[in-house]
Amino acid sequence: MPYRDPHTQRTPSPLAPGVTSLGWATSRCLEAPPHPLECSRCVDACPAAALAFHADGDGVALLAGDTCHGCGQCVAACPSEALVSVEIDALLKNVAPDRMLRLGCHRTHQAGDPNPLHCLRALGPDMLAWLAVQVAPEALVLSLPGRCHGCDAAPDEQPDAWLAQADALCRIDEARPRQEYHAARPTVSRRDLLSGRAAPRLPPLPAGDAAPGARRLQRQRAAAQALGEPRLAPTLPGLNLDADACHSHGVCARVCPTRALQESADGELEFDPLSCLACGHCLSSCPEGALHLTEASDADAVTLRQTRRLDCFLCGRPFTPPGDASIKEEVENTTCPACRRESALMQESFDELFG
């Protein structure tokens with residue numbers, strides 16, 4: 001799979017030849033250039049161990065092996081929404097406001113179901129919360145056979161974090177499975193192709209929205225506020241800055257893939273928790289190791305580093321000291337650039353006359 005310029009690619013690439021409903025958008029992925037990050041959340045979330053990143057001369061490719069059964073849990077795990085689903089895209093477009101919404105997996109839904117999803121676990125907490133807001137005050141109902149116990153797509157580890165979130169947001173109905181779990185199949189058969197029926201197309205990325213972003217974080221927090229349930233709000237990432245260690249290089253802001261960190265022209269460094277993916281790129285890129293990841297107390301943007309203004313020791317005019325002049329003892333007698341130049345010229349003149 002060749003790497004394509006993230007500024008020109010707008011349509012995700014199919015994730016696996018046999019699973020036409022899932023796609024990968026390289027321009028949003030933190031593993032793909034120009035973001036040389038190590039993010040394996042989709043790989044770690046796959047219950048079939050089918051995903052792997054592969055580096056070659058053309059860049060990085062996300063490959064799905066034959067064991068991929070199309071559950072879509074990788075879609076829910078991706079923090080930047082680099083993985084997309086045809087089924088989820090169609091579901092979001094067809095939700096009727098203020099009406100009860102019942103969703104079932106392929107083991108429970110019948111032919112002609114208006115909301116077909118191969119596996120409900122493809123809907124992460126942010127999507128479940130958003131759907132609950134859309135149908136409120138009616139209920140969002142999930143039909144789960146045996147609450148997913150024994151299903152090939154269910155996690156082996158307990159407790160089940162997804163099921164706990166679903167219990168908090170939805171009404172879960174016990175449903176008798178109509179069939180055993182099976183892998184997803186292409187939604188268009190060979191007969192359909194021969195008869196001229198078009199294959200399903202992956203949803204294109206919205207114009208101007210092809211870069212990584214904390215969309216899930218923002219969506220889940222907004223839904224929790226709309227539902228009046230603060231306990232459903234996600235934990236926001238935070239950053240602490242050791243001002244004494246910081247040399248104001250600004251590299252942390254330049255490498256941030258979502259512009260959660262921004263440096264102003266006068267040297268102020270601001271951090272927006274709602275735009276942060278907690279990818280850790282700023283931490284690993286800081287030469288002094290001055291940044292530390294923590295939890296944010298609220299969603300308001302904070303100023304991590306303020307512009308330092310000093311009064312010139314010679315002329316008294318205010319000026320901004322160099323970025324590495326962060327220790328008080330070193331800046332008490334600092335002069336402004338104009339006075340330093342004037343002093344240097346006077347020293348040169350003195351050396352020429354008496355040297």
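For each of Val251, Val75, Val135, count neighbouring Cβ atoms within 10 Å of the residue's Cβ, then give the residues from fewest to most.
Details: Val251 14, Val75 27, Val135 19.
Ranking Val251, Val75, Val135 by Cβ neighbours within 10 Å, fewest first, gives Val251, Val135, Val75.
Which far-off residues, 5 or more places away or on another chain, put their amide H under 5 Å from the one on Leu15, with H placed in the peptide plane?
For Leu15, the qualifying residues are Leu22, Gly23, Trp24.
Under a 5 Å amide H to amide H cut-off, with H placed in plane at 1.01 Å, what residues pair with Ile172 once short-range neighbours are removed?
Here Leu142 satisfy the definition.
Hey, fewest Cβ within 10 Å first, where do Thr335, Thr26 land in order? Please report the intermediate quantities before stating the final value.
Numbers: Thr335 18, Thr26 24.
So the ranking, lowest neighbour count to highest, is Thr335, Thr26.
Per the Cauchy relation, a quarter of the hull surface: what is the mean projected area of the convex hull of the alpha carbons in segment 235-305, in nm²?
Values: hull surface 16.7 nm².
One quarter of the hull surface, i.e. the mean projection, equals 4.2 nm².
Mind listing which trypsin sites (Lys or Arg not before Pro) in segment 81-137 are in a DSSP loop and have 14 or fewer other Cβ atoms within 10 Å?
Taking segment 81-137 and a limit of 14 other Cβ atoms within 10 Å, the loop trypsin sites (Lys or Arg not before Pro) found are Arg99.
So if I take the alpha carbon set of segment 13-220, get Rg, then get Rh from the Kirkwood formula, what is the Rg over Rh ratio? All intermediate terms of the calculation are to be shown ahead of the outcome.
On the way: Rg = 17.0 Å, Rh = 17.9 Å.
Result: Rg/Rh = 0.95.
Based only on other Cβ atoms within 10 Å, what is the fewest-to-most ordering of Asp44, Asp126?
Details: Asp44 11, Asp126 22.
Exposure proxy ranking, most exposed first: Asp44, Asp126.
Residue by residue through segment 74-81, which ³J(HN,Hα) values in whole Hz follow from phi under the Karplus form 6.51 cos²θ - 1.76 cosθ + 1.60 (θ = phi - 60°), with glycine and proline marked x?
Coupling constants for segment 74-81: 5, 5, 5, 7, 6, x, 9, 6 Hz.
Every read-out reported here was derived from the displayed coordinates using simple, explicitly stated rules and does not represent laboratory data. Worth saying up front: this structure is predicted, and the values here are computed from it rather than measured. Virtual Cβ from ideal backbone geometry, glycine too; neighbours counted across all protein chains shown.
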